[in-house]
Amino acid sequence: YPTERIRNFSIIAHIDHGKSTLADRLLELTGTIKRGKGQPQYLDKLQVERERGITVKAQTATMFHPHVLSSNHGTNQNDTPSFLLNLIDTPGHVDFSYEVSRSLAACQGALLVVDAAQGVQAQTVANFYLAFESNLTIIPVINKIDQPTADPDRVKAQLKSLFDLDPKDALLTSAKTGQGLEYLIPAVIERIPSPPGCCDMPLRMLLLDAYYDEYKGVICHVAVVDGALHKGDKIASASTGQTYEVFDVGIMHPELTPTGVLFTGQVGFVVSGMRSTKEARVGDTLHHAKSTVIPLPGFKPAKHMVFSGLYPADGSDFDALNHAIERLTCNDASVSVTKETSTALGIGFRCGFLGLLHMDVFHQRLEQEYGARVISTIPTVPYIFEYSDGSKVQVQNPATLASNPGKRVTACWEPSVIATIIIPSEYVGPVITLCSERRGEQLEYSFIDSQRAFMKYRLPLREIVVDFYNELKSITSGYATFDYEDDEYQKSDMVKLDILLNGQPVDAMATVVHNLKAQRVGRELVEKLKKFIDRQMFEITIQAAIGSKVIARETLSAMRKNVLAKCYGGDVTRKKKLLEKQKEGKKRMKRVGSVDIPQEAFHELLKVS
Ligand code: GTP
């Protein structure tokens, strides 16, 4: 396929506006999957994705479609030429915005799907700007026009006023009834430019994604920007210099289909003997080992913004958790893992994530796909602490912050971000309040039009990893658009907050907070713990302390708990059942010192900021 007959595009949409359904319809229309036969929602596979309505791992597919360009109508053409269309899927959340931007970098156009009843929503705006910044041709698609409450004209007006998109360009579809779908592919072919690369230049490929396959090893998704890649070629990574031999190369149609070669403008897969997905860095440039090229712009190594300790809920499950984490990180190289030991929780792992949702998803997959039961510690960001002896260390686990008096902390720096927030103007007040509660510094505040405000804040990363996004969404009825980019470390007055049970600090509950917030956070943590720890046979004191100073305290009085108390008479099976149940319940407890703490208590602590 000459590049003139290739189109690379994405579908971008707010959650639930019909992106996956529409993608399936396109695959059916082009005969890539059989109607009704294909797995429902081919491009949206993971259970956690279905449950949460987000796309975590991008899937990509190649389709073929015959089409005569309108500019060629009337000219003497015997055959209808076939076009090669690459649908490049994107993950759907701000944690993954770097991966979205890499996927979009391989596209020349995007279908911007908007629900005809709900209209433009927060993610529509975020996605529009990501596509716009990548200079993509945007085709507005107003979907779900079959709904009784559909109001395509209102949506057209929104698209015009928000994004200056011409209402005449909007396509009206129903992925459910099939109405209007026939115009989609012609629009993609007619309106989206072909990829700009050059066949005669040395090979440059953008690495879009990678996953681990039990039989084939690491499979990379790539977009060939210049040149061509053949089976047997020797390639190298521009970021690591590592070289590999190409064992297999082909397209996703939608299953892996070997072709032996990928030409300029094509998107496909490469199997090259990489041992782990850690070697396959999203955004990296791959090139022929023998040639030197200028790497494609925009590469960033995965940046771990949030760290948390993961421990088996039951001590004996360590091997199972270890195995599950190994399997899962094979397919998600953006998680970093190191072993760590906690006096409270035993042996576990310190994991680094791109953001809080990424962390949640990882958890959920550990539990759902690998049956691992995990306790996670309060998420933390990487701080830099300076000690009185002049040494500086990066701290990813608050428990490791030295509390010995000979080595005082003299200064602390915390990572910060520049956040962009776009909201309907009526929500300006609550958003300003939220940002100042989260120690934000306003950098910019203006109005995009009569309905929308634009704000820029410098915010400590710590303040956004704990529930900021949810809070922002809830105070703005879901309309807020939020995105962030890294900023410099800022000097800050942070302190280590310890939780003590019966006078013993619980290392897994230590956290770092701003001095001014320590009192409130300490109080909330202590109250939460009191609620979630069952009374036991002895009194328990729960304290929050900074150094040797106790700032909050609760006491849980003693109680004897006898599950058999309600069993009258001698029904042995019932007794057994209850005892079994109690044993089962115990499994989900962690014994810290002499206190049993249910797993839920750890989960609840995550929500305190
Ligand atoms: P994420 O992948 O979760 O971001 O969502 P999505 O944008 O892919 O949405 P999805 O395709 O999963 O569709 C969401 C819901 O809308 C599903 O229940 C679909 O069946 C339904 N849906 C999709 N298109 C249409 C349509 O044209 N009309 C109607 N009535 N429902 C639709």
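The values are calculated or read from the model by the stated rules, or taken from the named source; none is laboratory data. What you see is a predicted model, and the numbers here were worked out from it, not measured in a lab. Cβ sites come from the backbone with ideal geometry, for glycine too, and all protein chains shown count toward neighbours.
Observations on the structure shown:
- Residues of region 353-400 satisfying the condition of being in contact with a Phe, Trp or Tyr (Cβ under 7 Å, 6 or more places away or on another chain) and small (Gly, Ala, Ser): SER376
- Selection count where residues are surrounded by fewer than 23 Cβ atoms within 10 Å (Cβ to Cβ) and away from the ligand (no atom under 15 Å from the Cβ), scope region 84-104: 3
- Highlighted here are the strands (runs of 3 or more DSSP E) found entirely within region 266-346 that include at least 3 residues which are among the hydrophobic types (A, V, I, L, M, F, W, C) and over 24 Å from ASN397 (Cβ atoms): 267-271.
- Checked against the criterion of being within 16 Å of the ligand (Cβ to nearest atom), assigned to a loop (DSSP other than H, G, I, E, B) and modelled with pLDDT of 85 or more, region 62-72 has no qualifying residue.
- Number of the exception - CYS220 against (1) in contact (Cβ under 8 Å) with a residue 24 or more places away in the chain; (2) assigned to a helix (DSSP H, G or I): (2)
- Within region 3-20, considering residues that are within 14 Å of the ligand (Cβ to nearest atom) and surrounded by fewer than 19 Cβ atoms within 10 Å (Cβ to Cβ), the one modelled with the highest pLDDT: ASP16
- Single unsatisfied condition, ILE421 versus (1) among the aliphatic types (A, V, I, L, M); (2) within 22 Å of GLY119 (Cα to Cα); (3) more than 27 Å from the chain's Cα centre (by Cα): (3)
- TYR215 meets all of the listed conditions (1) surrounded by fewer than 14 Cβ atoms within 10 Å (Cβ to Cβ); (2) closer than 19 Å to ARG5 by Cα; (3) within 28 Å of the chain's Cα centre (by Cα) but one, namely (2).
- Candidates GLY250, GLY197, filtered to the one that is touching a residue at least 12 places away in the same chain (Cβ under 8 Å), closer than 23 Å to THR137 by Cβ, in contact with a strand residue (DSSP E or B) (Cβ under 6 Å, 6 or more places away or on another chain) and of a type outside the set (Asp, Glu): GLY197
- Filtering region 510-553 to residues that are of a type in the set (A, V, I, L, M, F, W, C), surrounded by fewer than 18 Cβ atoms within 10 Å (Cβ to Cβ) and in a helix (DSSP H, G or I) leaves LEU516, PHE532.
- Residue match in region 362-376 (condition: at pLDDT 80 or above, assigned to a strand (DSSP E or B), over 18 Å from the mean Cα position of the chain (by Cα) and surrounded by fewer than 21 Cβ atoms within 10 Å (Cβ to Cβ)): no
- Breaking point among (1) within 16 Å of the ligand (Cβ to nearest atom); (2) in contact (Cβ under 8 Å) with a residue 24 or more places away in the chain, for CYS107: (1)
- Residues that are surrounded by fewer than 17 Cβ atoms within 10 Å (Cβ to Cβ), in contact (Cβ under 8 Å) with a residue 24 or more places away in the chain and not hydroxyl-bearing (Ser, Thr, Tyr) do occur in region 431-445.
- Members of region 128-145 that are within 10 Å of the ligand (Cβ to nearest atom) and either part of a helix (DSSP H, G or I) or among the polar types (S, T, N, Q) (or both): ASN143
- Residue match in region 228-240 (condition: surrounded by 15 or more Cβ atoms within 10 Å (Cβ to Cβ) and touching a Gly at 6+ places or on another chain (Cβ under 6 Å)): yes
- Failed item, numbered, when VAL120 is tested on (1) surrounded by fewer than 20 Cβ atoms within 10 Å (Cβ to Cβ); (2) part of a loop (DSSP other than H, G, I, E, B); (3) not small (Gly, Ala, Ser): (1)
- VAL56, sole failed condition from (1) modelled with pLDDT under 90; (2) among the aliphatic types (A, V, I, L, M); (3) assigned to a helix (DSSP H, G or I): (3)
- Counting only residues that are away from the ligand (no atom under 13 Å from the Cβ), part of a loop (DSSP other than H, G, I, E, B) and on the phi < 0 side of the Ramachandran plot, region 146-193 holds 6 of them.
- Subset of region 325-363 [within 18 Å of THR277 (Cα to Cα) and among the polar types (S, T, N, Q)]: THR329, ASN331, SER334, SER336, THR338
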